[in-house]
1. Enter the Cα centre distance for the pair region 123-175 and region 88-109, rounded to the nearest angstrom.
2. For the chain, with every protein chain kept in place, what is the accessible area per residue (1.4 Å probe, Å²)?
3. Please give the length that would be gained between Q80 and A165 if that part of the chain were fully extended, namely 0.36 nm times their separation in residues minus their C-alpha to C-alpha distance (nm, one decimal).
4. May I ask you to compute the full-extension gain from E58 to E172, defined as 0.36 nm times their residue separation minus their alpha-carbon distance, rounded to one decimal in nm?
5. What order, most packed first, do the peptides 34-46, 97-109, 160-172 have when packing is the mean number of other Cβ atoms within 10 Å of each residue?
6. Stretched out fully, how many nm does the piece from D51 to Q100 gain, at 0.36 nm a residue minus the Cα gap?
7. Tally Lys/Arg at +1 and Asp/Glu at -1 over every other residue whose Cβ is under 12 Å from the Cβ of A67; what's the total?
8. For the chain, modelled as a GNM with alpha-carbon contacts under 10 angstrom, which of M61, M135, M27 fluctuates the most?
Amino acid sequence: MRTDLSIAAGLSLALLTACSPALEWRMLPLPELGLEASLPCKPERAQRNVDLAGQTVEITMQGCEAAGNTFAVACAALDQPSSAGAALAHWRAAVLAAAQAKDAQDKPFQPDGSLGLPQSVRTRATGVLPTGGAMHMEAAWFARVQQNSVHVCHAMVYGSELPRATADVFFEALVLR
């Protein structure tokens, strides 16, 4: 489970925000990830090599923190495109385990331009923040073809309080480029 902790720790580097009238949501291009996201804060970038479904991949993450919530988006190119479904399932399991998530509820999540894989889901769960407090989280996993390779991606928003509208704004505004 060392890989699980690496993935979760890497995602913790990327921090994000909540939905509030004081926040200024804006569409930001994230060219390294091949997408745009609506964020209420300027994202920071990080990279990390991890083992994902039996292959070592470099995950590029961008994220920020505002108003007590963390928002992050991360993608990685796969050497073995046929393993996209397994990679998404592995990434989901690792994130939920690291968050000590409970009551995970999935629904399909396939932004325009993504591959129609059954492992492409948006998950709502409760868990434990890195600081030890209660966490409310929503996360999504999806895959896409980009520049003749398959990329798996993960988007997540979490905090001690997470209004559903905040998560909806974040996920509905993800645009693949």
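1. The distance from the Cα centre of region 123-175 to that of region 88-109 comes to 10 Å.
2. On the way: 8140 Å² over 177 residues.
Result: 46 Å² per residue.
3. On the way: separation 85, 0.36 × 85 = 30.60 nm, distance 3.63 nm.
Gain in length upon complete extension: 27.0 nm.
4. Values: separation 114, 0.36 × 114 = 41.04 nm, distance 2.58 nm.
Between E58 and E172, full extension yields an extra 38.5 nm.
5. On the way: 34-46: 18.8, 97-109: 14.7, 160-172: 16.8.
Going from most to least packed, we get 34-46, 160-172, 97-109.
6. Values: separation 49, 0.36 × 49 = 17.64 nm, distance 1.99 nm.
Result: 15.6 nm gained on full extension.
7. Details: positive: none; negative: E24, E65, E161.
Surrounding charge for A67 is -3.
8. Maximum among the listed residues: M27.
The values are calculated or read from the model by the stated rules, or taken from the named source; none is laboratory data. Note that the structure is a prediction, hence the values are computed from the model and not measured. When we count neighbours, we look across all protein chains shown, and the Cβ atoms used for this are built from the backbone with ideal geometry, even at glycine. For the accessible areas, the whole protein counts, side chains as well, though only heavy atoms, and no ligand, DNA or RNA atoms are used. Shrake-Rupley method; radii C 1.70, N 1.55, O 1.52, S 1.80 Å.
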